[in-house]
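Beneath this line is the structure, given in structure tokens, with notes to follow.
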2 protein chains.
Amino acid sequence: MQIDPLKLLAVARAEAELGQAEGGVPIGAALFGRDGTLLGRGHNRRVQDGDPSLHAETTAFRNAGRRPHYRDTIMVTTLSPCWYCSGLVRQFGIPHVIIGEAETFHGGHDWLAGHGVTIELLDDPACTALMTDFISQRPELWFEDIGVPSTSDNP
Amino acid sequence: MQIDPLKLLAVARAEAELGQAEGGVPIGAALFGRDGTLLGRGHNRRVQDGDPSLHAETTAFRNAGRRPHYRDTIMVTTLSPCWYCSGLVRQFGIPHVIIGEAETFHGGHDWLAGHGVTIELLDDPACTALMTDFISQRPELWFEDIGVPSTSDNP
């Protein structure tokens, strides 16, 4: 079966839009089998659950449940994965990552590529628009989500 | 206030022992403020919650709740943090990691040290014994927890 990266990205983007509608951080992700079977999908739940550990990728990973391994999976995310989510990909040996955009945030995907992970960066304007709007409207929430102190709470 | 790393480690080790008693992966962690205030503690919950995203460090991080930043925190864990948990430390700028042991598993702590994180490796025999016993008794669960395919389910 031929995988269409844009169709897989549409699932992650729908999750990001759900997150946006809920007033959360608009980043979505999904884990697929290499044949395109959906295993788990989800979006950032920092605001919704008060849970800083639930980035989009970790939520999709969690929702896929326990698996003996991930060597036959594809992670799709609307935004370049941060170090936390890149570490997830590396540790669990996810061999393929499809990324909506890396313009508003450049995480660890070059590092992953250097460790043999196939990276497909789609430069999707709708994913970029979601983040551009969010960062301009809620900068403090965005900085909190990536662990960057704002000037007011520098230690 | 002078921090005693062994006292902080005792909290993480008690979490690991709880995990062991529950039939789970016996790894524990805790997040402290730099003055030694406990912010969150937890243990691996793969078995207990059927949740592969809850490593010890991510559980402690989650249980600490939302914070504007982590530049004034210390992560304590019974075992060298895997790439997933090392990515968490790097992304959120946790500046100091105390580790019970790195003999049974060597994760990303050298990488973290190379990125300016203070690493204290305590070589605690009780932490090593917890993992040595666990790995010998439940190797398939251990490999699942770190995403390594066992020979029977190689893709």
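The values are calculated or read from the model by the stated rules, or taken from the named source; none is laboratory data. If you're wondering where the values come from, they're calculated on a predicted model, not measured in any experiment. In this analysis, Cβ positions are derived from the backbone assuming ideal geometry, glycine residues included, and neighbour counts consider all displayed protein chains. Side chains are part of the model used for accessible areas, which takes the heavy atoms of the whole protein and leaves out ligands, DNA and RNA. Shrake-Rupley method; radii C 1.70, N 1.55, O 1.52, S 1.80 Å.
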message = With a 1.4 Å probe and all protein chains left in place, how much of the accessible area of the stretch A:1-108 comes from carbon and sulfur atoms, in whole percent?
response = 48
request  = Determine the per residue accessible area of the stretch A:32-125 with all protein chains present and a 1.4 angstrom probe, expressed in square angstrom.
outcome  = 32
message = Below 12 angstrom from the Cβ of A:Val97, what's the summed charge of the other residues (Lys, Arg +1; Asp, Glu -1)?
response = -2
task = Name the residue, out of B:Val117, B:Val89, B:Val97, whose mean-square fluctuation peaks in a Gaussian network model built on chain B with Cα pairs under 10 Å.
result = B:Val117
request  = First select every other residue whose beta carbon is under 12 angstrom from the beta carbon of A:Leu141; then total the charges, Lys and Arg +1, Asp and Glu -1.
outcome  = 0
ask   = Of A:Thr132, A:Trp83, A:Gly40, whose Cα points farthest to the positive end of the dipole of the stretch A:1-150 (charges on the beta-carbon: +1 Lys, Arg; -1 Asp, Glu; origin at the Cα centre)?
value = A:Gly40
query = Which chain A residue hugs the A-B rotation axis most tightly by its Cβ, and what is that distance in angstrom, to the nearest whole number?
reply = A:Gly87, 1
query = Given q = 0.10 Å⁻¹, what are the Debye log10 I(q)/I(0) values for the protein assembly as shown, with equal point scatterers placed on the Cα positions and solvent ignored?
reply = -0.52
request  = Please report the buried accessible area for the interface of A with B, total over both chains, probe 1.4 Å, in Å² to the nearest 100.
outcome  = 3400
query = Most fluctuating residue of A:Arg45, A:Arg138, A:Arg13 in a GNM of chain A with Cα springs under 10 Å: which is it?
reply = A:Arg138
inquiry  = What do you get for the angle between helix B:5-21 and the principal long axis of chain B? Use alpha-carbon atoms, 0 to 90 degrees, nearest ten.
reply    = 30
message = What's the magnitude of the charge dipole for the protein assembly as shown around its Cα centre, counting Lys and Arg as +1 and Asp and Glu as -1 at the beta-carbon? Answer in Debye, nearest 20.
response = 280
task = Output the direction-averaged projected area (hull surface divided by four) of the convex hull of the alpha-carbon atoms of chain A, in nm².
result = 9.1
query = Of B:Ser136, B:Ser80, B:Ser53, which has the largest mean-square fluctuation in a 10 Å C-alpha GNM of chain B?
reply = B:Ser136
request  = Anything losing 40 Å² or more of accessible area from the isolated chain to the full protein assembly: pick those residues out of the stretch A:66-102, probe 1.4 Å, ligands and DNA/RNA ignored.
outcome  = A:Arg66, A:Pro68, A:His69, A:Arg71, A:Trp83, A:Tyr84, A:Arg90, A:Gln91, A:Phe92
